[in-house]
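**Q** So that we are looking at the same thing, I have put the structure below in structure tokens.
Coordinate-derived values only; no laboratory data. The shown structure was predicted, so the numbers you read here are calculated from the model rather than taken from an experiment. Glycine gets a Cβ as well: all are built from the backbone with ideal geometry, and neighbour counts include every protein chain shown.
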4 protein chains.
Amino acid sequence: MVQTTIVQLDNYGPWTVTPKPRLESSILSFQSEAYAFLVNAFAMYDSLTLNFRQDTFLVLSSGVSIAQHRRIQTAFNDRYAVSTSMAISRDSNPYLAQIKATKLLHAAGSAQDPSRLETLVFDFKAGTADNEAVQIGHFDLNNITQTHTDKESAYDVHQYILQAQTALTNKLAYYNGTKIMLFFIGGDNFVSLTTGKTSDFFQGIIDDLLEEGFDFKVGVGNSTHSLFAMDKANRALEKIRNESDSNKVIFIR
Amino acid sequence: MVQTTIVQLDNYGPWTVTPKPRLESSILSFQSEAYAFLVNAFAMYDSLTLNFRQDTFLVLSSGVSIAQHRRIQTAFNDRYAVSTSMAISRDSNPYLAQIKATKLLHAAGSAQDPSRLETLVFDFKAGTADNEAVQIGHFDLNNITQTHTDKESAYDVHQYILQAQTALTNKLAYYNGTKIMLFFIGGDNFVSLTTGKTSDFFQGIIDDLLEEGFDFKVGVGNSTHSLFAMDKANRALEKIRNESDSNKVIFIR
Amino acid sequence: MVQTTIVQLDNYGPWTVTPKPRLESSILSFQSEAYAFLVNAFAMYDSLTLNFRQDTFLVLSSGVSIAQHRRIQTAFNDRYAVSTSMAISRDSNPYLAQIKATKLLHAAGSAQDPSRLETLVFDFKAGTADNEAVQIGHFDLNNITQTHTDKESAYDVHQYILQAQTALTNKLAYYNGTKIMLFFIGGDNFVSLTTGKTSDFFQGIIDDLLEEGFDFKVGVGNSTHSLFAMDKANRALEKIRNESDSNKVIFIR
Amino acid sequence: MVQTTIVQLDNYGPWTVTPKPRLESSILSFQSEAYAFLVNAFAMYDSLTLNFRQDTFLVLSSGVSIAQHRRIQTAFNDRYAVSTSMAISRDSNPYLAQIKATKLLHAAGSAQDPSRLETLVFDFKAGTADNEAVQIGHFDLNNITQTHTDKESAYDVHQYILQAQTALTNKLAYYNGTKIMLFFIGGDNFVSLTTGKTSDFFQGIIDDLLEEGFDFKVGVGNSTHSLFAMDKANRALEKIRNESDSNKVIFIR
């Protein structure tokens, strides 16, 4: 079982326009700093926090206790003008785990329900272990600096990466009958979340993408603790860069 | 003429893996805080900073002097482990302005050139005025909380918004012969950058999108100062929400 | 005339214990980040923000318009759970300027008045110039790393610097019939605020302090814009360090 | 035994003037955010971080493992332009514990030794328990808002609180033959660190201070985890405020 946590800003849309629309700069900087705060806090418990859409976040939270979740939630809610709610659930499939977590959150109230504040819900016995390794695939476009960043306008590069993200997201939405989540993490970097896959599985994905015109490499790492899985994936990717810098998979277990 | 500034983190990719891959949490929190810093700094000069891909940013910088750019650059470079370069250019078309700015940056060196550090380049006479109004269109999906956020899993909502972004980006890439830039700003919110368009122009865009299955409203604002243009767009959008909350345009000049 | 601004967190004491005492870590990190935000924002207008007691701040705000103050205030109040009030006043003597500013704030309500929120008050005609240079003296203890930091326990160094601060504060409270404000800015560094003094004046102060057993150097800078005055003081101090590193004054005008 | 950690910014003085003096606003905001980062990080492990002089910090780190220290250190050093060194030691007396920790740090190199970077030293067997409760006394001046904040100028209040800090620091430097550390935490608030004292001990301190003209109350809490000890102290103080708001001690064990 892999544990996932959905963190959602409470009643955030209404806050941005109450009592009148706030300065966009205030909204943009608030949500960026809120994410940074969560990233740093969960990192203290060896967990990786990914950004859905600036107002909702996914934590790969295996090994983080309920009490530790409460500590982060209290620290966040104490500090900021907007509070968070959290829902925690587990499944061997991370995509299914976040479905369960989202359902728990929905059962607690709407994202824009002014009375659903500072909720913390979970659907397992607190204290029970959850120790299946999560696999993180770190995808990166080969030679993007040479082929795009240093050649095209900033917006055209941006648009190209959006196309690559869309292609990769669509591929993973239907790959081998399993839906796999994909997240953008900056630059030309993406992460996928799986359990129990092989190097060949990842090679298959990037081979398919190459046929569609997107030239990816992928480093894969796995660990019960998602920050360590990510670290292994980063080291695997760096190994490919240093060796061939080509359409390849390295998997560090 | 509208002034745009490209801000790029210097030699950022190499930094993330030197001397060995940094913790992903450090990278993610750094780049979010770096963006927040730039947003807040340019806001002091009434300008809006948009996020390309976490390592490159677009500022709608009309009215911000070269000296003020240097102040922000010095403040940033003084503070952070990674420095920034900036390129400033102008055109009546914001998309073309950022092409010129990117070319200036390319001429100064590669994004991964370890000797291209703390560059500030521009292609006009310092001190000259630039006072054409920029138009900001603030697009938002109608009833997303009811139709998606409170119904589907967090990842499925994320994927849906990515589809909406792709559809809108593609529409604006070829709309009426002009390429128009589109940025995601969190939640289900996007901004487009134009000059000299009418309400009908924007209504045409969202009508087309509705046929493709994406139900948008759009508030438009214009001003020489981009933060004020954004503020008008936000107020226009809020007006639609309060009136009909439907597939409509309001333009506050 | 030198312009000063008092920035005060609104109803801050009560907030820290409502609805129950917040985690001390939340309070400590909030107030540090609030100060950093103000420092960065006023720096965009070439002004220096000093820290009274974490909940009240002094800005040497000559040259910062009322509109610019409002921009900072709006940006702050939009973002944080606690808002700020500001009072601006002018006098040729910075100490007297802050007395006037504080009185304006008192007239608007108590620091713990829940209805005194987001106030901005000033006692001069908006738009009028204020262009007397402020002098910033940057005091630093000679050889503190060798004599204390690397020898004594961290707390004993801390206590020694508190003694030095007290001695310097007391000296400036009664020096030559004028009261001069002194601020601690980290490490073994202090700044004093004056107008119209000479190098001899500052030499007199550190000579007196040397007799009391505290061995200071001081760099002095002056400018209408306080951040530039500070910068000159820093360069002056660095010049002393590089030349003799002794009980001396350098004044960069 | 109480565990304490000294965290020191590495070679910080030289950094502030290399290659030339940095903008003071950059220095002030950096050091405030660095402290906030450490406060938030150690809070995730239930520990309280106190600020010596902006460049050196004391953590009451009982219960924080060596691996957790490394996690915080890596996260900090990854993120910021300046790195930190840490030294950890234990003693039943917190003052003596920080003396031992400082000595470890001195043995590793000078605060301004460019080769003493990212050090982590400790003088006990990793993995061994340290479970004596630390006592935190939270001192606060009675009625300061009425008697000073709302009456006197901001600087005069500042100076008054400095006097109160000096009086309290001196009292605790020689109280009953033990040296007790005192820290300022903002507003009119101070914390003392002890083990094994009684309510009478604290009442004796504030009675003595009252004779010197400073009217304090003090809430005391104790716990192995310093953040919880602080929380109890805060609740004790709030209880005094709600009951009599007078020169009194409440101790929550």
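**Q** Under 10 Å, Cα contacts only: if you run a Gaussian network model on chain A, which one of A:Ala97, A:Ala87, A:Ala108 comes out with the highest mean-square fluctuation?
**A** Per the Cα network of chain A with a 10 Å cutoff, A:Ala108 tops the list.
**Q** Can you list the HN-Hα couplings for region C:102-114, worked out from phi with the Karplus curve (6.51, -1.76, 1.60; θ = phi - 60°), rounded to whole Hz and with x for Gly and Pro?
**A** In residue order, the calculated couplings are 4, 4, 4, 5, 4, 5, 7, x, 5, 4, 10, 7, x Hz.
**Q** Another one. For A:Ser47, what residues show an amide H to amide H distance below 5 Å, using hydrogens built from the backbone and excluding near sequence neighbours?
**A** Result for A:Ser47 returns A:Leu227.
**Q** As a check on your grasp of the helix formula, calculate [θ] at 222 nm for chain B: sum -39500 (n - 2.57) over DSSP H runs of n ≥ 4, divide by the residue count, round to the nearest 500. Could you put the intermediate results ahead of the total?
**A** Working: 7 runs with 105 residues, N = 253.
Calculated from helices alone, the mean residue ellipticity at 222 nm is -13500 deg cm²/dmol.
**Q** From the cross-link list C:Lys103/C:Lys125; A:Lys100/A:Lys232; A:Lys179/A:Lys239, which pairs have alpha carbons spaced over 21 Å apart? Before the final figure, lay out the partial values.
**A** Working: C:Lys103/C:Lys125 17 Å; A:Lys100/A:Lys232 28 Å; A:Lys179/A:Lys239 28 Å.
Pairs exceeding 21 Å: A:Lys100/A:Lys232; A:Lys179/A:Lys239.
**Q** Same structure, new question: Using only the alpha-carbon atoms of region A:1-45 as identical scatterers, what base-10 log of I(q)/I(0) does the Debye formula give at q = 0.29, 0.33 Å⁻¹?
**A** Results for region A:1-45 at q = 0.29, 0.33 Å⁻¹ read -1.10, -1.20.
**Q** What translational D, rounded to a whole number of µm²/s, comes out for region B:1-146 from Stokes-Einstein when the hydrodynamic radius is the Kirkwood one over Cα pairs, at 25 °C and 0.890 mPa s?
**A** My calculation gives 153 µm²/s for D.
**Q** Further question on the same structure: What nm distances, shortest first, do you get from the label point of B:Gly204 to those in the other copies when the point sits 7 angstrom along Cα to Cβ?
**A** Values, ascending and in nm: 4.6, 7.7, 8.7.
**Q** Fewest to most neighbouring Cβ within 10 Å: what's the order for B:Thr5, B:Thr166, A:Thr128? All intermediate terms of the calculation are to be shown ahead of the outcome.
**A** Working: B:Thr5 26, B:Thr166 19, A:Thr128 8.
Ranking B:Thr5, B:Thr166, A:Thr128 by Cβ neighbours within 10 Å, fewest first, gives A:Thr128, B:Thr166, B:Thr5.
**Q** Mind telling me which of A:His138, A:His158, A:His69 comes out most flexible in a GNM of chain A, alpha-carbon contacts under 10 Å?
**A** A:His158
**Q** A further question follows. Lys and Arg at +1, Asp and Glu at -1: add these up for the other residues within a Cβ distance under 12 Å of B:Ala81 and post the number. Could the numbers behind the result be given before it?
**A** Values: positive: B:Arg22, B:Arg79, D:Arg79; negative: B:Asp10, B:Glu33, B:Asp78, D:Asp78.
The answer is -1.
**Q** By counting other Cβ atoms within 10 Å of each Cβ, how are B:Thr198, A:Thr102 ranked from fewest to most? Kindly include the intermediate steps, with their values, before the conclusion.
**A** On the way: B:Thr198 12, A:Thr102 26.
Arranged by neighbour count, lowest to highest, B:Thr198, A:Thr102 become B:Thr198, A:Thr102.
**Q** Could you tell me the convex hull volume per residue, in Å³, taken over the Cα atoms of region B:136-253?
**A** Details: hull volume 11.1 nm³, N = 118.
Per-residue hull volume (Cα only) is 94 Å³.
**Q** Just rank B:Met1, C:Met44, fewest to most, by other beta-carbon atoms within 10 angstrom. List each step's numbers first, then the result.
**A** On the way: B:Met1 16, C:Met44 23.
Listing B:Met1, C:Met44 from fewest to most nearby Cβ atoms yields B:Met1, C:Met44.
**Q** So what is the relative contact order of region C:1-142, in percent, for Cα pairs below 8 Å that sit 6 or more residues apart?
**A** Details: 228 pairs, mean separation 52.3, N = 142.
Value for region C:1-142: 37 percent.
**Q** Something else now. Between C and A, which C residue has the Cβ nearest their rotation axis, distance in Å?
**A** Result for the C and A rotation: C:Ala81, 2.
**Q** Something else now. Can you work out ³J(HN,Hα) from phi for every residue in region B:38-54, in order, using Karplus 6.51 cos²θ - 1.76 cosθ + 1.60 and θ = phi - 60°, giving whole Hz and x for Gly and Pro?
**A** Running phi through 6.51 cos²θ - 1.76 cosθ + 1.60 with θ = phi - 60° gives 5, 4, 5, 5, 5, 4, 5, 10, 6, 10, 9, 10, 10, 9, 6, 9, 6 Hz.
**Q** If you put a point 7 Å past Cα along the Cβ direction, how far is that point for A:Asp215 from the same point in each other copy, in nm, smallest first?
**A** Distances between equivalent label points, in nm: 4.4, 6.4, 7.8.
**Q** Which of the pairs A:Lys151/B:Lys171; B:Lys151/C:Lys20; A:Lys171/B:Lys248 have their Cα atoms more than 26 Å apart in this structure? Write down the numbers at each step before the final one.
**A** Details: A:Lys151/B:Lys171 24 Å; B:Lys151/C:Lys20 35 Å; A:Lys171/B:Lys248 34 Å.
In this structure, B:Lys151/C:Lys20; A:Lys171/B:Lys248 lie more than 26 Å apart at Cα.
**Q** Here's another thing I want to ask about it. Within the set of other residues whose C-beta is less than 14 Å from the C-beta of A:Leu168, count the net charge using Lys and Arg as +1 and Asp and Glu as -1.
**A** With Lys, Arg at +1 and Asp, Glu at -1, the net is -4.
**Q** Now for a different question. Kirkwood Rh, Cα Rg: Rg to Rh for the protein assembly as shown?
**A** Details: Rg = 28.4 Å, Rh = 29.6 Å.
Taking Rh as the inverse mean 1/r over Cα pairs, Rg/Rh reads 0.96.
**Q** Please give the net charge around D:Gly127, taking every other residue with its beta carbon less than 15 angstrom from that of D:Gly127, where Lys and Arg add +1 and Asp and Glu add -1.
**A** Details: positive: D:Arg70, D:Arg90, D:Lys125; negative: D:Asp123, D:Asp130.
Once positives and negatives cancel, what remains is +1.
**Q** Tell me, what is the percent relative contact order of region A:74-189, built from C-alpha pairs under 8 Å that lie six or more residues apart?
**A** Here the relative contact order equals 22 percent.
**Q** Okay, moving on. Write down the Kirkwood hydrodynamic radius of chain D, to one decimal in angstroms, obtained as one divided by the mean of 1/r over all alpha carbon pairs. If you can, show how the numbers build up before the last one.
**A** Values: mean 1/r = 0.0523 Å⁻¹.
Taking every pair of different Cα atoms in chain D, averaging 1/r and inverting gives 19.1 Å.
**Q** Normalised by the number of residues in chain C, what is the relative contact order in percent for Cα pairs under 8 Å and 6+ residues apart? Write out the running numbers ahead of the final one.
**A** On the way: 480 pairs, mean separation 54.7, N = 253.
Relative contact order comes out at 22 percent.
**Q** Still on this structure: Once phi is turned into ³J(HN,Hα) by the Karplus curve 6.51 cos²θ - 1.76 cosθ + 1.60 with θ = phi - 60°, what whole-Hz value does each residue of region D:241-253 show in order, with x for glycine and proline?
**A** 4, 6, 8, 10, 6, 10, 4, 8, 10, 10, 10, 9, 8
**Q** For D:Lys20, place a label point 7 Å from Cα along the Cα-to-Cβ direction in every copy; what are the distances to the other copies, in nm, shortest first?
**A** Taking the point 7 Å beyond Cα along Cα→Cβ, the inter-copy spacings are 3.9, 4.4, 5.5 nm.
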